[in-house]
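Asker: A single structure is presented below for examination.
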Amino acid sequence: MDRSTIETMAAFIPPSELGGIARDEEIWEEDDGGAHLKVTRHILPDLPVEIEVLSMSVTGRVAERRRVIGEFNEVFGEPASGDIKDDSEYVDVVMWIVSQPE
């Protein structure tokens with residue numbers, strides 16, 4: 001997936017309630033090669049400053065999951081959390097901090 005697609009799509013996801021069930025319009029869902037991804041945006045609650053995170057779950061072959069996560073890393077930097085498992089049945093969940101006050 002190219003950088004501009006990731007940047008554009010991620011920017012237009014409305015924030016959903018953290019810990020709640022995201023509504024359809026709050027989810028970017030896409031098949032990319034051999035990976036299936038779902039991306040949501042959240043504002044962390046109850047903090048003195050606003051911190052926004054992007055959360056992605058990705059399924060598919062290990063190599064495809066790694067590729068998609070790597071493409072998101074190129075846009076957002078190293079994830080705040082996440083772990084890639086060498087199991088094709090596993091769902092990777094990765095989170096990036098996308099905005100916070102300086």
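Asker: Within region 8-21, how many residues turn out to be over 19 Å from Pro45 (Cα atoms) and either of a type in the set (Ser, Thr, Tyr) or surrounded by fewer than 12 Cβ atoms within 10 Å (Cβ to Cβ) (or both)?
Answerer: Going through region 8-21 one residue at a time, the tally reaches 3.
Asker: Based on what the data block shows, is Val58 crowded, with 16+ Cβ neighbours inside 10 Å, at pLDDT below 90 and in contact with a strand residue (DSSP E or B) (Cβ under 9 Å, 6 or more places away or on another chain)?
Answerer: Against the criterion (crowded, with 16+ Cβ neighbours inside 10 Å, at pLDDT below 90 and in contact with a strand residue (DSSP E or B) (Cβ under 9 Å, 6 or more places away or on another chain)), Val58 does not qualify.
Asker: Of all residues in region 1-10, count the ones that are aliphatic (A, V, I, L, M) and part of a loop (DSSP other than H, G, I, E, B).
Answerer: Matching residues across region 1-10 total 1.
Asker: Can you tell which of Asp31, Asp46 is more than 17 Å from Thr5 (Cβ to Cβ) and exposed (fewer than 13 other Cβ atoms within 10 Å of the Cβ)?
Answerer: Asp46
Asker: Next question. What pairs come up if the first residue lies in region 88-102 and is surrounded by fewer than 16 Cβ atoms within 10 Å (Cβ to Cβ), the second is assigned to a strand (DSSP E or B) and modelled with pLDDT under 85, and their beta carbons are under 9 Å apart, counting only those six or more places apart or on different chains?
Answerer: Sorted first by the residue in region 88-102, then by its partner, the pairs are Val93/Ser81.
Asker: Let me ask another. Report, by residue number, each residue of region 18-35 that is touching a residue at least 12 places away in the same chain (Cβ under 8 Å), within 15 Å of Met56 (Cα to Cα) and out of contact with any strand residue (DSSP E or B) (no Cβ under 7 Å at 6 or more places or on another chain).
Answerer: Once the filter is applied, which keeps residues that are touching a residue at least 12 places away in the same chain (Cβ under 8 Å), within 15 Å of Met56 (Cα to Cα) and out of contact with any strand residue (DSSP E or B) (no Cβ under 7 Å at 6 or more places or on another chain), region 18-35 yields only Asp32.
The values are calculated or read from the model by the stated rules, or taken from the named source; none is laboratory data. Nothing here was measured: the structure is a model prediction, and the numbers come from that model. Ideal geometry is used to build each Cβ from the backbone, glycine not excepted, and the neighbour counts take in all protein chains shown.
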